[in-house]
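Quick notes on the structure that follows.
The values are calculated or read from the model by the stated rules, or taken from the named source; none is laboratory data. As the structure is a prediction and not an experimental result, all values here were calculated from the model. In this analysis, Cβ positions are derived from the backbone assuming ideal geometry, glycine residues included, and neighbour counts consider all displayed protein chains. Protein only, heavy atoms only, side chains kept; ligands, DNA and RNA dropped before computing areas. Shrake-Rupley method; radii C 1.70, N 1.55, O 1.52, S 1.80 Å.
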Amino acid sequence: MMKWALYRLHWLLGISAGVVLSMMGITGAIMAFEDEITAALGQGIVAVPAWPAAAVLSPDELLARFIEQSPGSIPTKLTVFPEPGKSARLIYRPRSAEPLTGDEDNTDGTYLDPYTGAVLGKAVGERFFDTVRTLHRYLLLPHNRGGAGRPITTFAAGCLVFFALSGLYLRWPRGRVLNWRAWLKPDFTRRGRNLYWSLHSVAGTWVFLVFLVFAVTGPTFAYDGYRDELTALLTWTKLPLEKPVSPSTQKRQADAPPAPLDTVWSGFQAVVHTDVTTVLFPVSLKPTPTVTVRYLTRDSPHYRAYNEITLERNSGKVLSHTFYSHQSLGKQISIGMLAVHRGKVFGVAGEMVFMLAALALPLQCTTGYLLYMDRRRKKARARAARHRQHDQNVPDWQKDSPRGTF
């Protein structure tokens, strides 16, 4: 009874949520090597001709130049790259936008010339990937203030957990548990429904763990509450609740200039002497007493393996310095959640495996639909055969008699 119920629910959700997951899989595979593609196409934007090192603008100078050119925008995050000629990256939001809740996002990004502060815009291909990302996360549907996109994709991610676990249970080989061919080798000698089932079950086994990683980590980019709870579970710590900022306070802060960062930058440079490749500053309109700077070095295992250093804003004094490599496994996963979701924590081989697993989602949906349609056709033929058999057993005189006569 339980197996029958799981089977019915598996195909019922599969023919609905499977379509959404297929779209998410295709778009996820397209974004697999987004960073490498935009960097290769972004000469003149992502990278500019190098000047002498002394000509590089400080963080405060970059922010001031940006505000001069874009007075209607509020900077929220600044990333600088010490490598000569590499443009700074700025995340900003519209100044006139209505206050948003924690789960909502209306930010955009641009590159800045590190020597002049000129706004360079987006890299070649970046707008295309932005659209693909919105399709991947929200199906191009409204996703702020109760929009449908966010809950639909999150529900699909939950269905993916169910598909992986129920599919493993439903395909458990009878009496051949230790036979690796039964688990991992599709039987291409089969035809029709048997072939579809072999492809569906074997492919699902190959990508079982990757599907679970997709499903568990994906909603962290949609709901802050889910991300906080998952982080607390991974790190065995309870994150402090952030006090919500009232709309009036947000509007008042929006009229203020960004809090200074140059002293923090000087303090950082005085302490960190390794080969730094990326430095990420949070840009605040409220002059908080401390600033936590995240950075990467050439030895960082992946692009989200941030070290953290907290400094006093006014003096540049270091208050704490935490290295990614010294963190627990759970903390490393929570810090690099996006790298885990994309498989980048396992290097280029991991990216390839996760990209192929993403492409397996439309394969699973297609074979699932073929199985479903084949079952529908067989049921229709069985019903037609029963009707024909019934008609053959009915006497001719009864077939010709009008209804209700006897």
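Assess whether ARG181 counts as being modelled with pLDDT of 90 or more and part of a helix (DSSP H, G or I).
No.
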Residue match in the range 107-119 (condition: open to solvent by 40 Å² or more (accessible area, probe 1.4 Å), more than 30 Å from CYS365 (Cβ to Cβ) and within 21 Å of the chain's Cα centre (by Cα)): yes
Within the range 257-313, considering residues that are at pLDDT 95 or above and aromatic (Phe, Trp, Tyr), the one farthest from ALA349 (Cα to Cα): TRP265
Matching residues in the range 167-182 - criterion: being within 17 Å of CYS365 (Cα to Cα) and surrounded by fewer than 18 Cβ atoms within 10 Å (Cβ to Cβ): LEU168, LEU170, ARG171
Could you give every pair whose Cβ atoms fall below 9 Å, whose first residue belongs to the range 136-164 and is touching a residue at least 12 places away in the same chain (Cβ under 8 Å) and open to solvent by 50 Å² or more (accessible area, probe 1.4 Å), and whose second residue is hydrophobic (A, V, I, L, M, F, W, C) and assigned to a loop (DSSP other than H, G, I, E, B), counting only separations of at least 6 or pairs across chains? ARG137/ALA222; ARG145/LEU100; ILE152/LEU139; ILE152/LEU141
Give me the pairs: first residue in the range 351-379 and under 15 Å from PHE33 (Cβ atoms), second residue charged (D, E, K, R) and assigned to a helix (DSSP H, G or I), beta-carbon distance under 7 Å, and six or more apart or on different chains, which are they? GLU351/ARG342; GLU351/LYS344; PHE354/ARG342
Matching residues, the range 330-350, being surrounded by fewer than 19 Cβ atoms within 10 Å (Cβ to Cβ) and free of Cβ contacts under 8 Å to residues at least 60 places away in the same chain: PHE346, GLY347, VAL348, ALA349, GLY350
Given the conditions (1) within 22 Å of THR76 (Cβ to Cβ); (2) in contact with a strand residue (DSSP E or B) (Cβ under 9 Å, 6 or more places away or on another chain); (3) surrounded by fewer than 15 Cβ atoms within 10 Å (Cβ to Cβ), report the number of the one that PRO258 does not fulfil. (3)
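I need the full set of residues from the range 43-89 which are part of a strand (DSSP E or B) and touching a residue at least 40 places away in the same chain (Cβ under 8 Å), in order please.
ALA47, ILE74, PRO75, THR76, LYS77, LEU78, THR79, VAL80, LYS86, listed by residue number.
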